[in-house]
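The values are calculated or read from the model by the stated rules, or taken from the named source; none is laboratory data. Worth saying up front: this structure is predicted, and the values here are computed from it rather than measured. In this analysis, Cβ positions are derived from the backbone assuming ideal geometry, glycine residues included, and neighbour counts consider all displayed protein chains.
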Amino acid sequence: MEIKQKIKADVYEILKENIDIEDIVVEYPKDRSMGDYAVPCFVFAKKLRNSPVNIANDIKEKIEVDNYEKVETVSGYLNFFVEKEELTAYVLNKVTSEKENYGKSDIGNNKTVVVDYSAPNIAKPFGVGHLRSTAIGQAIINILKKTGHETIGVNHLGDWGTQFGKLICAYKRWGNEAEVRENPIKELTKLYVLFHEKAEEDPTLEDEGRAYFKALENGDKEAYELWKWFRDESLKEFQKTYDLLGINKFDSYNGEAFYNDKMDEVISEIEEKGLLKKDAGAYIVDLEDMPPALIKKKDGATLYITRDLATAFYRKKTYNFDEAVYVVGNEQSLHFKQLKAVINKMGYNFADDMHHVNFGMVLQGGKKMSTRKGKTVKLHDVLVEAKEMAKSYIKEDNNIDVEEVSRQVGIGAVIYNDLKNYRINDIEFNLEDILKFEGETGPYVQYTYARIMSLLNCEDNFKVDYSKVEINSYIWNLVFKLHEFNDIIVKAKLGYDPSLIAKYVMTLAQDFNRFYGNCKINDGNDNDKAFKREVSYAVAVVLKEGLRLLNIDAPEKM
Ligand code: ARG
């Protein structure tokens, strides 16, 4: 039986007359010297009408001590030290037989989660700002799948809004078809900037831009064709960035434009429910404790939030999601609060299942990352640079596909740096630092994996008699950590927090290197050697799978 289940069952056996099994929690003590697992007894105090200290002592008297190395009580906690040999055999057998499936769980069975992530804006560069949503979102999808959830990954493209009216206006006035075809994003960005420059001198251009957007919203053929062209070209360009990141495909690319004809229905419903208020010609919904949500401007144009309302209802209807997560930066917190509040006011409680998974900015030297001219840094450029820089670290070896491995290492470094800290914090981006093979970097973890692979030389089957091995502290530490993998993944799901996995693979790699430095792996009798190699193998399996959850490849050689 799984060890924590066993602890639960043993405690339950003693308390079952008064306590439900769900009341029993098995935790990790803060300090491992206190015990491997702990059961807090204050949670039983009320039902048992006794003090936690007495309860703990009482359970200790009655528990089947043979099942454990020892059981201790410390101020109302029961601390369990588990049988090392038993857990070691259990964990190693499990990892070697389940391989990449190790750590899987079924907490998500029959649950569907819509993950809205990446979502760059059409006709604008795919900038480093969208790296975070892409990296965090993809990791969350991988974690959800690992925990048994059905996932729908949606790239909610920013492909609608007044800026498209401006762009169409600029293209019609100053655009050149051949140039745009040649270099779409660059030319379109130029046109967009030009529009703003000219509009400063001639404010009527703003009206013209608005009129084009209105035409687009009303289905004007020419405006639509242009818009469609800009969108297709942008998507083609974006795919180059996704390819580098190792993301082939989203389940849906329905962006804001897709909801153009789906907003009226929601707006009517808001109106029928008496929530729509006219305010200086515009329409708003009043909300408690926050600014009102602007639903329609006075010229009748809809807004970002109007489209997100239609989106939420569409997704609920289409996917019947159990949860919908939006992987979007901190700066949109108010937007998502308003979105949920409006849905709530309309009388739907699925707003409670919508979560804004927010994150901080990408900084360079403490400031928002931008080009020298203050423009968006293109993610594609950064990734290519990372890949090129990684090349110099890759061993000269005929068996190594240098192009592919340097992509894996360069991109792995960028993604690891993005995911290693709790997402709400800003991250610092410095290519030199994040590519180092030492310190808390992606390449350090990848390198540890590659090192184990070369050490094992393809061996993956080990005959070990566990009753005859010495489980020293280095090994015990590794085994215990391997056993924790499942819990870490579940926690990462609950908090939508990939950094837990990033930190986990880091400490696992560090602990392995400590083990490797202190325990001569090829010393001892055959059983000892096979045991140490099996431990190394299990670490490699879990490192690789942990990295995969973060969407980072683990090359076998580097
Ligand atoms: N395109 C938006 C941006 O770049 C992000 C969209 C997020 N998703 C959503 N459903 N609002 O800011």
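Which of the residues that make up the range 317-356 are within 19 Å of the chain's Cα centre (by Cα) and within 11 Å of the ligand (Cβ to nearest atom)?
Hits for the range 317-356 are A324, V325, Y326, V327, V328, G329, E331, Q332, F336, M354, H356.
Just to be sure before I move on: is G495 surrounded by fewer than 17 Cβ atoms within 10 Å (Cβ to Cβ) and on the phi > 0 side of the Ramachandran plot in the structure I sent?
Here the answer is no, as G495 does not meet what is asked.
In the range 475-492, which residues are over 23 Å from the mean Cα position of the chain (by Cα) and of a type in the set (A, V, I, L, M, F, W, C)?
I475, W476, L478, V479, F480
Looking only at the range 160-181, which residues are within 16 Å of the ligand (Cβ to nearest atom) and buried (at least 24 other Cβ atoms within 10 Å of the Cβ)?
F164, L167, listed by residue number.
What are the residues in the range 435-474 that are part of a loop (DSSP other than H, G, I, E, B), more than 23 Å from the chain's Cα centre (by Cα) and among the β-branched types (V, I, T), if any?
V464, V469, I471, listed by residue number.
I'd like the full set of residues that are within 19 Å of K367 (Cα to Cα) and either surrounded by 24 or more Cβ atoms within 10 Å (Cβ to Cβ) or touching a residue at least 60 places away in the same chain (Cβ under 8 Å) (or both), limited to the range 423-447.
Within the range 423-447, R423, I424, N425, D426, I427, E428, F429, N430, I434 meet the criteria.
Restricting attention to the range 102-142, and to residues there that are among the aromatic types (F, W, Y) and either away from the ligand (no atom under 15 Å from the Cβ) or over 15 Å from the mean Cα position of the chain (by Cα) (or both), which single residue is modelled with the lowest pLDDT?
Only one residue tops the list, namely F126.
Inside the range 52-77, can you point out the residues that are exposed (fewer than 14 other Cβ atoms within 10 Å of the Cβ), charged (D, E, K, R) and in contact (Cβ under 8 Å) with a residue 24 or more places away in the chain?
Correct list: K62, E64.
Tell me which residues, restricted to the range 67-83, are closer than 22 Å to L48 by Cα and among the aliphatic types (A, V, I, L, M).
V71, V74, L78
Would you check which residues across the range 155-199 are outside any helix (DSSP H, G or I) and touching a Phe, Trp or Tyr at 6+ places or on another chain (Cβ under 9 Å) and list them?
Selection gives N155, H156, L157, G158, D159, W160, G161.
Going by what's in this entry, would K240 be described as within 14 Å of the ligand (Cβ to nearest atom) and touching a helix residue (DSSP H, G or I) at 6+ places or on another chain (Cβ under 9 Å)?
no
Give the residues of the range 275-301 that are hydrophobic (A, V, I, L, M, F, W, C), surrounded by 13 or more Cβ atoms within 10 Å (Cβ to Cβ) and away from the ligand (no atom under 16 Å from the Cβ), sorted by residue number.
Scanning the range 275-301 gives L275, L276, A282, I284, V285, L287, A301.
Whether any residue in the range 382-391 is touching a Lys or Arg at 6+ places or on another chain (Cβ under 7 Å) and either surrounded by 15 or more Cβ atoms within 10 Å (Cβ to Cβ) or touching a residue at least 12 places away in the same chain (Cβ under 8 Å) (or both) is what I want to check.
yes
Yes or no, residue by residue, for (1) in contact with a helix residue (DSSP H, G or I) (Cβ under 6 Å, 6 or more places away or on another chain); (2) in a loop (DSSP other than H, G, I, E, B); (3) at pLDDT below 90:
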{"position": "S370", "(1), (2), (3)": "no, yes, yes"}
{"position": "E385", "(1), (2), (3)": "no, no, no"}
{"position": "A390", "(1), (2), (3)": "yes, no, no"}
{"position": "N398", "(1), (2), (3)": "no, yes, yes"}
{"position": "A413", "(1), (2), (3)": "yes, no, no"}
{"position": "R423", "(1), (2), (3)": "yes, yes, no"}
{"position": "D433", "(1), (2), (3)": "no, no, no"}
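Could you list all residues from the range 85-105 that are farther than 24 Å from L550 by Cβ and of a type in the set (D, E)?
E85, E86
Take I107 and decide whether it is out of contact with any strand residue (DSSP E or B) (no Cβ under 6 Å at 6 or more places or on another chain), more than 30 Å from K186 (Cα to Cα) and crowded, with 20+ Cβ neighbours inside 10 Å.
no
Of the residues Y314, Y304, which single one is within 14 Å of the ligand (Cβ to nearest atom), surrounded by fewer than 18 Cβ atoms within 10 Å (Cβ to Cβ), at pLDDT below 95 and not small (G, A, S)?
Selected residue: Y304, the only one of Y314, Y304 that is within 14 Å of the ligand (Cβ to nearest atom), surrounded by fewer than 18 Cβ atoms within 10 Å (Cβ to Cβ), at pLDDT below 95 and not small (G, A, S).
So which residues in the range 200-254 are in a helix (DSSP H, G or I), small (G, A, S) and either under 11 Å from C169 (Cβ atoms) or modelled with pLDDT of 95 or more (or both), if there are any at all?
Matches in the range 200-254: G209, A211, A215, A223.
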